[in-house]
Amino acid sequence: MGRAFEYRKARKLKRWGHMARTFTKIGKEIEMAVLASGPDPSSNLRLRLLMATAKSESMPKENVERAIKRATEKDKSAYKEVVYDGKGPHGTVFVVETATDNPTRTVANIRAAFVRGKGELGTMGMNDFLFERKCSFVVAMKEGVDMDELELELIDFDIDEVFLDEGEINIFADFKNYGPITKYLEDNGFEIKSFKFERIPMTMRELTPEQQEDVNGLIERLEADDDVVNVFHNMA
């Protein structure tokens with residue numbers, strides 16, 4: 001198993017310790033999906049996948065419904081998805097995804113978080129070449145599936161990895177192919193348990209425990225902001 005697997009495992013362990021924050025992040029992503037393509041999951045692929053993710057994370061159904069309702073009541077033109085790049089302590093690099101109705105407020109908060117976290121906000125896009133944009137699926141295993149045959153079936157979708165982890169099928173692929181992969185899985189009777197867009201670092205930076213504490217401090221500052229949806233970094 002490759003780098004994508006190790007990256008996902010690290011994020012999963014961190015997520016289990018921050019369930020309330022996970023619900024908030026999924027709710028924000030649901031709002032953005034509804035603002036982009038409407039509240040009907042049958043015609044909004046990203047919303048449908050996020051609802052499956054919410055279910056797999058044990059997010060209460062009423063939380064999902066509230067997120068959809070909030071989005072339908074908002075001015076679509078006011079909300080934007082904005083991505084910020086920055087440098088963290090000890091040579092780490094960050095990409096921060098946000099959803100905001102006030103970019104002036106958001107950039108000020110993100111800049112302050114970097115400064116207080118011993119880092120520095122950079123220019124947009126400066127870290128793009130340091131991360132690969134991927135989509136990831138966790139799919140329920142079903143009887144009679146041969147993993148080698150499944151990998152061959154999916155090879156036309158530019159997949160990077162297909163493997164079993166804790167009895168579930170994990171798929172990593174280029175982020176642009178999430179639509180065709182979803183169609184294949186749904187057409188072939190697979191249950192999609194969760195879905196994510198990921199930014200996977202090309203190389204990981206090894207740090208001492210003390211240095212990791214500094215980086216974790218910055219991560220926590222960024223994730224505490226209500227406008228932040230995802231924080232990606234290259235700390236091992």
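The values are calculated or read from the model by the stated rules, or taken from the named source; none is laboratory data. Small disclaimer: the values here were computed from a predicted structure and weren't measured. Note that we place each Cβ from the backbone using ideal geometry, even for glycine, and neighbour counts take in every protein chain shown. With ligands, DNA and RNA removed, areas are computed over all heavy atoms of the protein, side chains included. Shrake-Rupley method; radii C 1.70, N 1.55, O 1.52, S 1.80 Å.
Net charge of the neighbourhood of Gln211, taken over other residues with C-beta under 13 Å away and scored Lys/Arg +1, Asp/Glu -1, is -2. Legend: calculated FRET efficiency, Leu164 to Ser77, from the Cβ-Cβ distance at R0 = 35 Å, rounded to 0.05, equals 0.20. In terms of overall dimensions, the C-alpha atoms belonging to segment 140-219 reach 48, 26, 20 Å along their principal axes, ordered largest to smallest. Seen from every direction in turn and averaged, the convex hull around the alpha carbons of the chain projects onto 13.0 nm².
Overall, the accessible surface of segment 99-182 at a probe of 1.4 angstrom is composed of carbon and sulfur to the extent of 48 percent.
Remark: relative contact order (the chain) = 24 percent; criterion is Cα-Cα distance under 8 angstrom and separation of 6 or more residues. Round to the nearest 0.05 the FRET efficiency obtained for Lys183 and Leu152 when R0 = 25 Å and r is the Cβ-Cβ distance. Efficiency, rounded to the nearest 0.05: 0.90. Heavy-atom accessible area, probed at 1.4 angstrom with all protein chains present, ranks Val93, Val139, Val83 as Val83, Val93, Val139, highest first. Were the residues from Val145 through Met202 laid out at 0.36 nm apart, the gain over their Cα-Cα distance would be 17.4 nm. Couplings 3J(HN,Hα) for segment 64-78, derived from phi with the Karplus relation 6.51 cos²θ - 1.76 cosθ + 1.60 (θ = phi - 60°), are 5, 4, 5, 5, 5, 5, 4, 5, 5, 8, 8, 6, 4, 5, 7 Hz, where x marks Gly and Pro.
Rounded to the nearest 20, the Cβ-based charge dipole of the chain about its Cα centre (Lys and Arg +1, Asp and Glu -1) stands at 1080 debye. Each residue was assigned an accessible area with a 1.4 Å probe, and for Asp40 the value is about 70 Å². In the frame of its principal axes, segment 9-143 has Cα extents of 45, 42, 27 Å, reported largest first. Which of Lys80/Lys183; Lys80/Lys142; Lys87/Lys176; Lys80/Lys176; Lys25/Lys134 have a Cα-Cα distance over 30 Å? Among Lys80/Lys183; Lys80/Lys142; Lys87/Lys176; Lys80/Lys176; Lys25/Lys134, the Cα-Cα distance tops 30 Å for Lys80/Lys142. Across segment 107-236, Cα pairs under 8 Å and at least six residues apart give a relative contact order of 32 percent.
Across the options Ala36, Ile192, Met202, the greatest Cα extent toward the positive end of the charge dipole of the chain (unit charges at beta carbon of Lys, Arg, Asp, Glu) belongs to Ala36. Measuring r between the beta carbons of Asp40 and Asn216 and using R0 = 25 Å, the FRET efficiency lands at 0.05. Note on segment 102-157: percent of Cα-Cα distances in each 5 Å bin, starting at 0 and stopping at the bin with the largest distance, equals 4, 12, 13, 15, 10, 9, 7, 8, 12, 10, 2.
When nucleic acids and ligands are ignored and a 1.4 Å probe is applied, His90 ends up with an accessible area of around 70 Å². The residues of the chain expose on average 51 square angstrom of accessible surface per residue, using a 1.4 Å probe on protein heavy atoms.
Across Glu143, Glu73, Glu206, the residue with the most accessible area heads the list, and the full order at a 1.4 Å probe is Glu143, Glu206, Glu73.
Coordinate range of the alpha-carbon atoms in segment 59-120 per principal axis, descending: 41, 27, 16 Å. So what are the ³J(HN,Hα) numbers for segment 80-88, from phi and the Karplus equation (6.51, -1.76, 1.60; θ = phi - 60°), rounded to whole Hz, Gly and Pro as x? Those phi angles translate into 9, 9, 10, 10, 10, 10, x, 10, x Hz. Take the alpha carbon gyration tensor of segment 20-89, find the square roots of its eigenvalues, order them as a ≥ b ≥ c, and report rounded if a/c is under 1.5; if not, report prolate when a/b exceeds b/c, else oblate. In terms of gyration-tensor shape, oblate.
A convex hull fitted to the Cα coordinates of segment 53-92 yields 129 cubic angstrom per residue.
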